[in-house]
Amino acid sequence: MIRLATPDEIPELIALAEATGLFEPEQLDELTQMLRQYFSNTKESSDLWFTYWENKPVAVAYVAPERMTQATWNLYLIAVHPDHQRKGYGKALLQYIEQILVSRGERILLVETSGTDEFAYVRAFYRNNGYEEEARIREFYAPGVDKVVFRKSFEPD
C-alpha cells in the first residue's frame with residue numbers, strides 16, 4: 001500500500017534510507033531535518049512524502065514543486081530497503097507519484113542522481129521507467145562526481 005508518510009515514521013524512514021548505503025551521515029541528518037520540518041510546518045506545503053507500507057515502511061519518496069516554475073516538480077528522494085529491492089516497490093512508488101502529478105495537471109518531473117559507477121543501477125532504473133537524461137553537470141558533487149538530471153514530461157507530444 002502506498003500512502004502519505006506520517007510523523008511517527010520518521011525514525012523508520014531514516015533507517016530505511018541509511019540501509020540503502022546511498023546516503024552519507026550528513027545527508028541522513030539533512031533528511032531527518034527535512035522530514036521534521038515537513039511535519040511541523042504550520043503553513044501549507046505542496047511537498048509530498050510517500051511510503052510504500054508493508055507492515056512497516058519498505059520504500060520512501062519525496063517530491064516537491066520546483067520553485068519559480070510552472071508545473072515542474074523534482075523527485076528528491078526515492079529509496080527502497082535492500083531487503084525489498086527488485087520486487088517492484090520502487091517502480092510502483094514512482095508510477096504512483098507520476099499518476100498524482102498527471103491528475104493535478106503537472107507538466108514535468110525531474111530527478112537528479114550521481115554519475116558514479118555505484119549509481120549506474122539508479123540511472124538504469126530511471127531510463128527503464130521512461131526518463132531521459134536531460135543534463136550532466138561535470139564534477140558537481142565533488143571532483144569526479146557528476147550530477148545527472150533525468151526528465152519526464154507529462155504533456156502530450
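How much net charge surrounds F125 when only other residues with a Cβ under 12 Å from its Cβ are counted (Lys, Arg +1; Asp, Glu -1)?
+4
So, in the chain, how many Lys pairs have Cα atoms under 26 Å apart, if the pair is 8 or more places apart or on different chains?
Summing the qualifying lysine pairs gives 5.
Need one number: the % of Cα-Cα pairs in the stretch 1-84 sitting beyond the 14 Å mark.
Distances greater than 14 Å cover 63 percent of the Cα pairs.
Using a Förster distance of 35 angstrom, determine the FRET efficiency expected from the C-beta separation of L28 and N128, and round it to 0.05.
0.80
Please list log₁₀ I(q)/I(0) at q = 0.17, 0.18, 0.19, 0.27 Å⁻¹ for the stretch 98-152, using the Debye equation with identical point scatterers on the alpha-carbon positions.
-0.56, -0.61, -0.66, -1.02
Ignoring ligands, DNA and RNA, what percent of the 1.4 Å accessible area of the stretch 1-125 is carbon and sulfur?
48 percent
From Cα pairs below 8 angstrom and at least 6 apart in sequence, can you work out the relative contact order of the chain, rounded to a whole percent?
Computed over the chain, the figure is 18 percent.
Between the DSSP loop rule and a limit of at most 10 other Cβ atoms within 10 Å, which chymotrypsin sites (Phe, Trp or Tyr not before Pro) in the stretch 7-71 are left?
none
Which FRET efficiency, nearest 0.05, do W53 and R136 yield, Cβ-Cβ r, R0 30 Å?
The value I calculate is 0.30.
Using the per-residue mean of other Cβ atoms lying within 10 Å as a proxy for protection, in what order, highest first, do the peptides 24-33, 66-75 fall?
66-75, 24-33
The values are calculated or read from the model by the stated rules, or taken from the named source; none is laboratory data. Keep in mind the model is a prediction, meaning the values are calculated, not measured. No Cβ is skipped: glycine too gets one built from the backbone with ideal geometry, and neighbour counts run over all protein chains shown. Each accessible area value is taken on the protein alone, full model and side chains, heavy atoms only, with ligands, DNA and RNA left out. Shrake-Rupley method; radii C 1.70, N 1.55, O 1.52, S 1.80 Å.
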